[in-house]
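Values quoted throughout were computed directly from the atomic coordinates according to the rules given, and no laboratory measurement underlies them. Given the structure is predicted, the values throughout are model-derived calculations rather than measurements. Note that each Cβ is placed from the backbone with ideal geometry, even for glycine, and that neighbours are counted across all protein chains shown.
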Amino acid sequence: MKRMVRLIGAGVITMTVASIAAAQEPAGLLQGIGAVTNAADSHPSYGGAIGGRIAGWVEMTGEFGRMQDVTPKDLRDLLRAVPGVPNGAVFVRVPAYYGLLNVKLVPSHGVLRPFVTGGAGLARLDPQFTFGSAVVTLPSVFTPERSTRPMATVGAGLRLGLGPHLTVDGGYRYSRIFSDYNVDRNLRNDRILTNVGAFYAAIGVRF
């Protein structure tokens, strides 16, 4: 009797998983995205994406969001090492709004689906420099001080398909923002790009 109950339970689970895996998904996709970015330090990030499947395994979305701080570690360390400034008195923060066009290769069916993704777009950088309790702008340090710069990303992860209308993505993404900061220090001319790693999760609704 117990064996029969187990067999029936296993059959129900198998049929449920198979029905989810075989369900036809609508082409459209709307996602809410939350992430933790890591540049000089770790900070939260959020965004949203809309798009959908265009052919086979190919999915394309437009994504927009905000990263709370993408300060490059090299930039932070250079500014903190300014001669004559007490350690810890200098603080730099670079929030960024961004927009991306992403292409993702992901199976169209199944419960667990690995994917790879890449994208390109723009990031609006707004560097903020704090000395003590005063927030100031330093055009002589940041060149340009506030700018919109190209951005590129690559990543990979795993999608959980929960029926035809709900998906959950989890993965890692590496982004490069071509910030090209020009920091003059002791007659050096340092050009610094922005590299950002991010672990993220996205809840998607298909339509």
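Extension gain residue 130-residue 116, at 0.36 nm per residue separation less the Cα-Cα distance, in nm?
The residue 130-residue 116 span can extend by a further 1.2 nm.
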Subject >> Net charge contributed by nearby residues that have their C-beta within less than 14 Å of residue 171 (K/R +1, D/E -1) >> reply: +1
Original post:
What order do you get for 43, 165 when you list them from fewest to most C-beta neighbours inside 10 Å?
Top reply: 165, 43
Original post:
So, counting K/R as plus one and D/E as minus one, what does the shell of residues with Cβ under 11 Å around residue 66 add up to?
Top reply: -1
Original post:
What ranking of 92, 196, 111 emerges when the number of other C-beta atoms within 10 Å of each C-beta is taken as an exposure proxy, fewest first?
Top reply: 111, 92, 196
Original post:
Once both labels are modelled 7 Å past Cα along the beta-carbon direction, what's the residue 73-residue 50 spacing in nm?
Top reply: 3.8
Original post:
Tally Lys and Arg at +1 and Asp and Glu at -1 over the other residues with C-beta under 9 Å from the C-beta of residue 158: what net charge comes out?
Top reply: +1
